[in-house]
Amino acid sequence: MGVTHILFFVIAAAAPLTAIVGAAPLAYSIGNGAGAPMGYVIAGLIYLLFSVGFTAMSRHVGSAGAFYAFVSKGLGSRWALAAGAMTLLTYYAIQIAIYAFFGIVIAGLLEPLGLPLPWWAAALICVILVDLCGRRQIEFSGWILGICMLCEIVVLMVLNLLILAQGGPEGISATSFLPSVGFSAGIGVSLLFAVASFLGFEATVIFAEEAKRPRRTIPMATYLAVICITLFYAFSAWCMVIAYGPSNIRDAATADSSDLFVNTAHALGGSLLSTTMSALLVTSLFACILSFHNTISRYLFAGGREAVLPKALAQVHPHFGSTHTANRVQSLSVALIIGLCALFRIDPYATVYSFMAALSALGVLSVQILVGISILRYFARTPHDTTLWQRVIAPVVALIGLIIVLLLALSNLPMLTGATNVAVILLLPAAVIGTGLMGWGYAVYLSRRDPARYDALGTSFLSIAGASHD
């Protein structure tokens with residue numbers, strides 16, 4: 001794959017339309033109001049700094065295991081298995097959350113047409129379609145994600161341009177980016193929603209072994225992905241502030257949080273634009289699920305190749321060259337979870353979506369912090385040809401930023417989950433910590449019962465610098 005295909009995967013995982021339509025109104029209403037666009041800028045800066053050390057180290061860690069591989073090289077196998085376990089939990093959680101949201105949206109669209117369909121049935125149909133796509137060559141999924149992503153961007157840009165042409169009740173201004181507005185009360189909440197928009201950006205390194213000229217392709221795709229996500233989200237969030245005015249956006253979003261963007265599109269562009277946006281929300285969710293599906297499959301594939309998971313997961317399809325066994329196992333496990341949710345009649349939004357989304361936020365931040373520490377330790381031992389900026393300054397600043405965001409996430413768990421019971425809320429960080437301890441414990445078990453297998457962990461990673469396709 002080239003830069004374009006990889007870029008499609010990363011931005012599709014961010015789900016532009018889903019992220020903006022679903023999260024931005026909440027950032028306006030319970031976050032810092034008109035200053036919400038600043039959250040995307042801050043999150044983008046954190047991940048740009050993180051990408052400096054991340055891409056520098058990626059030249060020496062080329063693996064489908066991505067974060068697992070980084071932690072293995074920097075902190076050793078015990079921490080790597082802990083990070084790998086937490087990463088799998090994180091991406092399974094976000095995928096389950098999006099499947100639930102997809103089911104809710106489809107059920108809502110079909111109900112007025114007299115076609116009642118349970119959310120879980122729609123989700124299971126989606127599982128089948130995603131499985132079929134994941135079985136094909138990775139380029140096939142890349143084109144699907146790219147087409148969906150481009151359509152999402154086009155419809156949002158049309159709305160943005162209509163807003164700017166109309167001017168808004170208070171005119172066009174940069175009020176959202178003033179320090180007094182951008183850093184006002186509630187910035188922490190807005191920052192959490194913004195950080196969630198970057199979930200999946202590690203896909204650049206995950207596909208290193210399938211990339212053309214990875215030493216050039218991976219860093220370029222990573223920086224472009226972060227910059228594009230930052231600029232597009234901040235711009236779209238700012239345009240909606242203009243549409244209602246900085247002094248009115250909070251009230252407007254509070255009164256119409258679920259349909260703020262669709263109703264604005266209808267008011268400015270008519271039913272054609274609003275209907276198109278509603279339809280593309282479905283494709284946005286599908287593209288997001290497909291991207292995370294491919295990401296999880298490659299984690300399972302890496303685990304099979306490392307022999308920490310069944311070796312059968314490392315099988316490659318003889319014709320398509322895809323990670324088809326890991327793909328099928330992942331599809332079946334997701335279908336099982338959705339089936340259990342349906343069997344026990346668990347609320348798809350209040351419980352499945354909200355709790356899984358919060359769990360994924362805690363998990364990904366925890367793993368990224370471990371990766372940040374791994375980058376610092378790796379370059380402290382073997383600086384290679386890096387600069388002080390690449391191996392120390394940028395990674396340290398990014399690490400501080402990630403820790404602050406994690407603390408904000410922990411302090412805002414009641415808001416993220418909608419739960420008031422302290423014991424229930426604490427289940428989320430306990431799940432992340434417990435999963436990490438399980439990974440760590442398994443590593444300890446291997447080191448004592450099968451030292452040769454333990455010592456071999458990490459040796460299957462290909463170095464991009466020496467890969468034959470470089």
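Since every read-out is calculated from the coordinates, none of them should be taken as a lab result. Bear in mind the structure is a predicted one, so any value in this text is a computation, not a measurement. Heads up, the Cβs are rebuilt from the backbone with ideal geometry, glycines too, and the neighbour counts pull from every protein chain shown.
Residues in segment 67-104, backbone N under 20 Å from the label point at Asp455 (7 Å along the Cα-to-beta-carbon vector): list them, ranges by number please.
Counting only backbone N, you get 72-81.
On a full-extension model of 0.36 nm per residue, what is the gain between Leu164 and Leu427, subtracting their alpha-carbon distance, rounded to one decimal in nm?
Computed gain between Leu164 and Leu427 is 90.2 nm.
Calculate, in nm to one decimal, what Leu117 and Ser257 gain on full extension: separation in residues at 0.36 nm each, minus their alpha carbon distance.
Fully extending the segment from Leu117 to Ser257 adds 47.9 nm.
Would you work out which of Leu26, Pro395, Val334 lies farthest towards the positive end of the dipole of the chain? Charges go on Cβ: Lys and Arg +1, Asp and Glu -1.
With unit charges placed on the Cβ atoms, the residue in question is Pro395.
Quote the charge dipole size of the chain about the Cα centre in Debye, to the nearest 20; the model charges only the Cβ of Lys and Arg (+1) and of Asp and Glu (-1). Kindly include the intermediate steps, with their values, before the conclusion.
Working: 21 positive and 17 negative charges, 297 e Å.
Value, rounded to 20: 1420 debye.
List the residues of segment 243-286 whose backbone N lies under 11 Å from a point placed 7 Å from the Cα of Ser184 along the Cα-to-Cβ direction.
246-251
Note down the nm distance, to one decimal, between modelled labels 7 Å out along Cα→Cβ at Leu332 and at Gln315.
1.0
Helix by helix, which DSSP H runs in the chain go 30 Å or more along their axis at the Cα atoms and have an average Kyte-Doolittle hydropathy of 0.0 or more?
36-58, 77-110, 138-166, 214-244, 260-305, 354-381, 422-449
Okay, helix-only estimate at 222 nm for the chain: each DSSP H run of n ≥ 4 adds -39500 (n - 2.57), divide by all residues, round to 500 deg cm²/dmol; what do you get?
That calculation yields -25000 deg cm²/dmol at 222 nm.
What is the extension gain from Val444 to Arg381, computed as 0.36 nm multiplied by their sequence separation minus the C-alpha to C-alpha distance, in nm to one decimal?
Length gained between Val444 and Arg381: 20.3 nm.
First check a/c for segment 1-53, with a ≥ b ≥ c the square roots of the eigenvalues of its C-alpha gyration tensor; if it is under 1.5, answer rounded, and if not, answer prolate when a/b is larger than b/c or oblate otherwise.
Because a/c hits 1.5 or more and a/b fails to exceed b/c, segment 1-53 counts as oblate.
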